[in-house]
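All remarks here apply to the structure that follows.
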Amino acid sequence: MQELIGGELGKYDHALKESQTVDGVVCDVVENRLKAEFKDDSNYPRSLCYVRRDNGMLQKWELFGNSNQLEKIIRTAQISKIQGVWTVVNAHVEDLKKKGKLTLNLKHADYHPDLKDSLFSEEYLKRNSQ
């Protein structure tokens with residue numbers, strides 16, 4: 001999933017296409033196309049994201065390979081609000097090219113851990129970044 005969420009957003013042009021209902025949920029469809037200058041940076045130069053209108057979460061993500069063939073589908077199976085944050089709890093990944101399937105299940109999330117401010121001091125970060 002790092003193609004779009006791992007700091008890669010700027011490498012793509014994004015266009016809102018239409019609305020579709022996916023698994024009973026109304027979604028806006030966003031097409032993402034890799035910019036020409038980044039053509040060697042991804043195995044998926046185009047994708048379609050189906051973004052839920054009710055909570056802004058990803059409902060489905062279709063990734064297309066260099067031949068513009070659909071190669072991977074990621075479907076959100078369960079979304080829950082955990083500590084006030086919408087969270088994907090269960091998702092299924094289907095790799096059409098390799099004929100593989102993967103299920104992701106969230107076991108635990110803590111959005112408000114009790115961390116000491118000293119963990120974020122410049123001194124601590126320099127000392128522990130080796």
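The values are calculated or read from the model by the stated rules, or taken from the named source; none is laboratory data. Small disclaimer: the values here were computed from a predicted structure and weren't measured. Cβ sites come from the backbone with ideal geometry, for glycine too, and all protein chains shown count toward neighbours.
Are any of the residues in segment 88-108 in a strand (DSSP E or B), in contact (Cβ under 8 Å) with a residue 40 or more places away in the chain, under 25 Å from Ser19 (Cα atoms) and not aromatic (Phe, Trp, Tyr)?
no
Where residues in segment 109-121 are assigned to a loop (DSSP other than H, G, I, E, B) and hydroxyl-bearing (Ser, Thr, Tyr), which of them is surrounded by the most Cβ atoms within 10 Å (Cβ to Cβ)?
Out of the qualifying residues, it is Ser121.
In the set Asn105, Asn32, Asn68, Asn128, which member is out of contact with any Asp or Glu (no Cβ under 6 Å at 6 or more places or on another chain) and surrounded by 13 or more Cβ atoms within 10 Å (Cβ to Cβ)?
From the options Asn105, Asn32, Asn68, Asn128, the qualifying one is Asn32.
Could you list, in sequence order, all residues of segment 62-87 that are touching a residue at least 40 places away in the same chain (Cβ under 8 Å) and either out of contact with any Ser or Thr (no Cβ under 7 Å at 6 or more places or on another chain) or more than 25 Å from Gly24 (Cβ to Cβ) (or both)?
Of all residues in segment 62-87, those touching a residue at least 40 places away in the same chain (Cβ under 8 Å) come to 63, 74-75.
Selection gives Ile74, Arg75.
Residues to consider are Gln59, Gln20; find the one that is within 14 Å of the chain's Cα centre (by Cα), at pLDDT 95 or above and surrounded by 11 or more Cβ atoms within 10 Å (Cβ to Cβ). Give the steps one after another, and end with the answer.
Details: Gln20 fails: within 14 Å of the chain's Cα centre (by Cα).
Step by step, each of Gln59, Gln20 is checked, and only Gln59 is within 14 Å of the chain's Cα centre (by Cα), at pLDDT 95 or above and surrounded by 11 or more Cβ atoms within 10 Å (Cβ to Cβ).
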